[in-house]
Amino acid sequence: MMEVSIARWFDNHQCASVLMIDDLSDAYIGVYPESWKNDWGNLCDQPGSAWRFLEEHLLAAFPEIRITFFVPYARHNVVNENAPFETRKYGVGERAEFSAFLRKLAALGHEIAHHGSNHGRYIDPANVSTYRNFVHEWELFDDEEEGIEVTRRGIELFREHAGIDVVGGKYCGYRQRDNSAAIIDACGFEYWCSGVNFLSGEPGVGYFGRHSVLDFPTNFPGNAFVRLSYRTGNLRKDRRKKLTRFLQPFYNIGQYRALDALCDAGEIISVQEHISPATSSGLTQSANIVSDMASLHRLYRHLRGRSVWHANCRDIARYARLRDGTTLVMDDDRLTLRYTGTPLAEACELSLVATDPFELVAGDGRRFGSRTKNGSEVANIPVGCGESRFRVVRRDG
Ligand SMILES: [Zn+2]
């Protein structure tokens, strides 16, 4: 009898990776002379936009990257109108151009995910610094009903205006309180980013709530390879960086090791970024695609040497849920896959591996042949809810 098992990641890749970009929204803060640095998404895909910058400076070199954009659906409150800069901000549905832009990103294989309504509020709006002066959205919901209503409204708005089904998201500022998980669970999300676990070494993914929401990790800072050298706009910090930037090459050794450790352990590598360096105070946003571009190039060049499944959070979460919720039973040449997890929104592909070439024959006659990948034979098969049965046929060479 042939031994067939479920691959840890799609197509028998060793690990999975996503680029997570926070706070894409229909907003703009005119801090810099260059428009792409000021753009939070308001310029959509026009020349001079943040998206064009991303395309030309990162995606052109690494087209394999898939991005999940975390998008607040109302006017972004971190963008403070009292800032001494030109500010513009709109909510989803206010400008058809922005909805069309979101649709375009989704059509390119990227993902639009939930990131609250307006992200929260300033304690003192006259002070444009967020430092100890901003309360994030999920810290503000005193009762669960209100949180559910505000969160559900986002799901409806993305569907209504952009035709997008939002299936996951992230707490604003990774801040939550005791009722937050219940709000997320009640809204029917498939995955949620609850906390930052940079290099914590905690393996695997967890689930929470009655609907088994996958707790998506945030485990790698996009600025890892420039952290000691980039300018923040804060004089004291920048003076310190003049000294520390010489240590960056030594620091990088540890960062490469951390990436390799995640790959070796078959983990998700989730690279954390923000869309724009521009903030209402004029200081540079920590971790942003502009300041961190050289770091991102180092990171993705390194991942080219590894077996990485590049996918958005939704696809990674769906594979993990399918893998973790499926039991595989072999009886002679009959193979049964039994999915007992939370019902799937749509059929997904599961990857099966064996040491020798094989073919799976479904009840309706469809055949799925294996091919060699990472030293094993792998076949990708569509699986829905309940049971899927196949006959396993050994193939020669
Ligand atoms: Zn945010």
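Kindly evaluate ILE112 against the criterion of being modelled with pLDDT of 95 or more and more than 18 Å from the chain's Cα centre (by Cα). When the stated conditions are applied, ILE112 does not pass them. Quick one: is GLY173 on the phi > 0 side of the Ramachandran plot and surrounded by 17 or more Cβ atoms within 10 Å (Cβ to Cβ)? Here the answer is yes, as GLY173 does meet what is asked. Pairing residues of segment 128-145 that are assigned by TED's automatic domain parsing to the domain that holds PHE70 and within 15 Å of ASN234 (Cβ to Cβ) with residues that are hydrophobic (A, V, I, L, M, F, W, C) and more than 13 Å from the ligand (Cβ to nearest atom), at Cβ distances under 6 Å and at least 6 apart in sequence or on separate chains, gives VAL128/ALA83.
State whether one or more residues within segment 139-150 are under 23 Å from ILE269 (Cβ atoms), within 16 Å of the ligand (Cβ to nearest atom) and in a loop (DSSP other than H, G, I, E, B).
no
If you go through segment 104-128 and keep only what is more than 16 Å from the ligand (Cβ to nearest atom) and either in contact with a Lys or Arg (Cβ under 6 Å, 6 or more places away or on another chain) or not basic (Lys, Arg) (or both), you end up with LEU105, ALA106, ALA107, LEU108, GLY109, HIS110, ILE123, ASP124, PRO125, ALA126, ASN127, VAL128. Is it true that some residue in segment 93-103 is within 16 Å of the ligand (Cβ to nearest atom), within 28 Å of VAL196 (Cβ to Cβ) and outside the structural domain of LYS373 (by TED's automatic domain parsing)? No, that holds for no residue. Does any residue of segment 90-108 turn out to be under 21 Å from the mean Cα position of the chain (by Cα), surrounded by 17 or more Cβ atoms within 10 Å (Cβ to Cβ), under 28 Å from ASP315 (Cβ atoms) and among the basic types (Lys, Arg)? No, every residue in segment 90-108 fails to be under 21 Å from the mean Cα position of the chain (by Cα), surrounded by 17 or more Cβ atoms within 10 Å (Cβ to Cβ), under 28 Å from ASP315 (Cβ atoms) and among the basic types (Lys, Arg).
Among the conditions (1) in a loop (DSSP other than H, G, I, E, B); (2) of a type in the set (Phe, Trp, Tyr); (3) away from the ligand (no atom under 16 Å from the Cβ), TYR73 misses just one, which is (3). Remark: ARG159 falls outside the filter, which requires a residue to be without any contact (Cβ under 8 Å) to a residue 24 or more places away in the chain, on the phi > 0 side of the Ramachandran plot and out of contact with any strand residue (DSSP E or B) (no Cβ under 9 Å at 6 or more places or on another chain).
The values are calculated or read from the model by the stated rules, or taken from the named source; none is laboratory data. All values derive from a computational prediction rather than experimental measurement. Every residue, glycine among them, receives a Cβ derived from its backbone with ideal geometry; neighbour counts consider all protein chains shown.
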